[in-house]
1. List every residue pair whose Cβ atoms lie under 6 Å apart, where the two residues are 6 or more positions apart in sequence or sit on different chains, the first residue falls within segment 172-188 and is more than 22 Å from Gly28 (Cα to Cα) and of a type in the set (Val, Ile, Thr), and the second residue, located anywhere, is at pLDDT below 95 and surrounded by fewer than 20 Cβ atoms within 10 Å (Cβ to Cβ).
2. Does any residue of segment 205-218 turn out to be among the basic types (Lys, Arg) and either in a helix (DSSP H, G or I) or over 30 Å from Asn132 (Cβ atoms) (or both)?
3. Here are Leu65, Leu80, Leu86: which of them is without any contact (Cβ under 8 Å) to a residue 40 or more places away in the chain and either out of contact with any Asp or Glu (no Cβ under 7 Å at 6 or more places or on another chain) or not small (Gly, Ala, Ser) (or both)?
4. Go through (1) within 24 Å of Ile464 (Cα to Cα); (2) part of a helix (DSSP H, G or I); (3) among the charged types (D, E, K, R) and name the single condition Asp363 misses.
5. Take the residues of segment 272-295 that are modelled with pLDDT under 90 and closer than 17 Å to Val116 by Cα: which is most open to solvent (accessible area, probe 1.4 Å)?
6. Looking only at residues that are open to solvent by less than 60 Å² (accessible area, probe 1.4 Å) and more than 15 Å from Ser453 (Cα to Cα) in segment 390-406, which one is nearest to the chain's Cα centre (by Cα)?
7. Which one of the conditions (1) in contact with a helix residue (DSSP H, G or I) (Cβ under 8 Å, 6 or more places away or on another chain); (2) at pLDDT below 95; (3) hydrophobic (A, V, I, L, M, F, W, C); (4) open to solvent by 30 Å² or more (accessible area, probe 1.4 Å) does Leu417 fail to meet, given that it meets all the rest?
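The values are calculated or read from the model by the stated rules, or taken from the named source; none is laboratory data. It should be emphasised that the depicted structure is a prediction, and the values quoted were computed from it without experimental measurement. We place every Cβ from the backbone using ideal geometry, glycine too, and count neighbours over all the protein chains shown. Note: accessible area is taken over every heavy atom of the protein model, side chains too, but ligands, DNA and RNA are not part of it. Shrake-Rupley method; radii C 1.70, N 1.55, O 1.52, S 1.80 Å.
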Amino acid sequence: MSTQEFEREPVRPEKLEPARNFAASYAGEHVAGTEFVIGAMFVTWGVGTGDILTGLLLGNLLAVLSWALICAPIATDTRLTLYAYLEKIGGPGTVKIYSIVNGILFCILAGAMITVSASAVRILFDLPSQVNWYPTSMGFVLVALLVGVVVVSIAMRGFKRVAQFAEICAPWMILMFLAGALSMLPVLVGATPGVDSIDSYAQFKSIADTYIWVDSDSDMGMWHVAAFAWICNLSMHGGLSDMTVLRFARKKQYGYFSAFGMFVGHFLAWIWAGIMGAGAALLMKSSITELDAGAVAFQALGAAGIVAVIIAGWTTSNPTIYRAGLAFQSINPSWSRTKVTAVVGAVTTIIACFPFVFSKLMDFVGLMGLLLSPVGAIIVTEHWVFPKIGKTRYWVHYRKASTNIAAIFTWVGALLLAFLLNQLGLHLFFLLIPTWFASMLLYTLMASRMGASGDYGEQVAMDIASEEARKRVERKYLEELSSKDHQGIGKSQPSIFMNIWGVLSITCLVACLALAVMVYINTISLEQFRNLLIWPTIIYFVSATRWVIQREASQDTKSQVSSTTNAPDLV
């Protein structure tokens, strides 16, 4: 298999990926197993419907802007992984420390996603729900190990295969969240006094205020919801971990494709998951806190719900393990990324057998983002602020220092400040802003005293010239590619078989939606809906996989012919 992932060098122009890969990757990764968990947890917060909807809109907008205005521009400007760029800023000693911390956190997060998938598989074998931090069933452990093997095998194949898997799963996954909510709404309508149907927002809000997001005058409110929606992926946008993915983007504007994940994924999927969770709790006469993702999805979608949770866990754990593999591989460049990913995947799979993160997911993602965000602030400061205030970017690299002491002290100092503020009563979700700006200020002051104010004229000039040469080659290639795309050069009409598979895939999605609408308007029963939904689901995955494989084979053939004659000269 081809595993050229440019771990230590800028991505070559001909390896940059088109827009659809990023739209699919973000939609697939963030319409995921965690959405079942987080959507249900919002139900337990005691925050009213209006505050939930407003907070989610605001927080997810801030997240999209963080990806689009901070992470994507740096990623497409440098074409480096976070780890390669951090080594240039902080030296090999700094990146080793960061990679270990980052890699461990990503392993734990990916393990939680595998746990989510395993929670669905366990229903097939009538295994007990795992609600403790430790496993209570050997059967569940075996299921988690099996799911882990599948996930790791995909992550080992690199970004392109991860994106292709997400491209297949994302449309169906989005539809399953919607279908599950539509199937559970009649259950909630039937249990709500004075409401016979949902013909207006007021009627929906009445149901939601009664059974879904019940305002209980808790300490949580709209700003907590907004803050969580912003920081739950903070390590990826504010912490710049998604440089690893966005370095393959042809344009920095591809960062806005994170909106597919934030609004279709987090905003809508969390709402739909909350509806599913509340409906499932009513059907099972249980508290939502006693149900795992598999139980909720099975009540709403039947066998297709089990598939949905399995796939949802995979689409998040795949890129997360991929990121973790790159993190640990950066410790020693001579290590094979594929082999490192395999080892990381094995550790992650073992972690998945212990559902401790699964049960404390919201606190974990908030803490993870907080731990990594000071490093993102340091990179942003050196990349953008230093050139504007007369300081030297990459000064540690020019001094040939092994460790950026200013960065290490800033990182530790920022976390100590966050700890102090938390002890004084500031909620975990609100620590980002003071920690981020404190990191920028402290790093500027310390780096200025330790060497960033020095004159490295000849070295800086050589670096700038080298980067400009690389960027000229990239711009020329992308301009030629855009011209060919505009003129239709190199494009071929899809074969009749590709058209057939594509039409069949879309037909299956329409059939799934039609079944969801039918159960919502009581044309078919919930039991009939559960039994029927699995069949268009199976046909969809067969046809969509064939469609993507044939399309990629056709494009690979054309790109091989083109690369032999038009590959950019980087010498």
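1. So the pair list comes out as Val187/Leu282.
2. Taking segment 205-218 and keeping what is among the basic types (Lys, Arg), we get 205.
Adding the requirement that they be either in a helix (DSSP H, G or I) or over 30 Å from Asn132 (Cβ atoms) (or both) leaves 205.
Yes, there is a match, as at least one residue in segment 205-218 is among the basic types (Lys, Arg) and either in a helix (DSSP H, G or I) or over 30 Å from Asn132 (Cβ atoms) (or both).
3. Details: Leu80 fails: without any contact (Cβ under 8 Å) to a residue 40 or more places away in the chain; Leu86 fails: without any contact (Cβ under 8 Å) to a residue 40 or more places away in the chain.
Exactly one residue qualifies, and that residue is Leu65.
4. Of the numbered conditions (1) within 24 Å of Ile464 (Cα to Cα); (2) part of a helix (DSSP H, G or I); (3) among the charged types (D, E, K, R), the odd one out for Asp363 is (1).
5. My answer is Glu290.
6. Of segment 390-406, the ones open to solvent by less than 60 Å² (accessible area, probe 1.4 Å) are 391-392, 394-396, 398, 401, 403-404, 406.
Subset that is more than 15 Å from Ser453 (Cα to Cα): 401, 403.
Details: Ala401: 34, Thr403: 30 Å.
Checking each candidate, the answer is Thr403.
7. It is condition (2) that Leu417 fails.
To keep it simple, each residue is scored yes or no on (1) open to solvent by less than 20 Å² (accessible area, probe 1.4 Å); (2) within 19 Å of the chain's Cα centre (by Cα); (3) not aromatic (Phe, Trp, Tyr).
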position: His30; (1), (2), (3): yes, yes, yes
position: Gly46; (1), (2), (3): yes, no, yes
position: Leu57; (1), (2), (3): no, yes, yes
position: Ser66; (1), (2), (3): yes, yes, yes
position: Cys71; (1), (2), (3): yes, yes, yes
position: Leu82; (1), (2), (3): yes, yes, yes
position: Lys96; (1), (2), (3): no, no, yes
position: Ala112; (1), (2), (3): yes, yes, yes
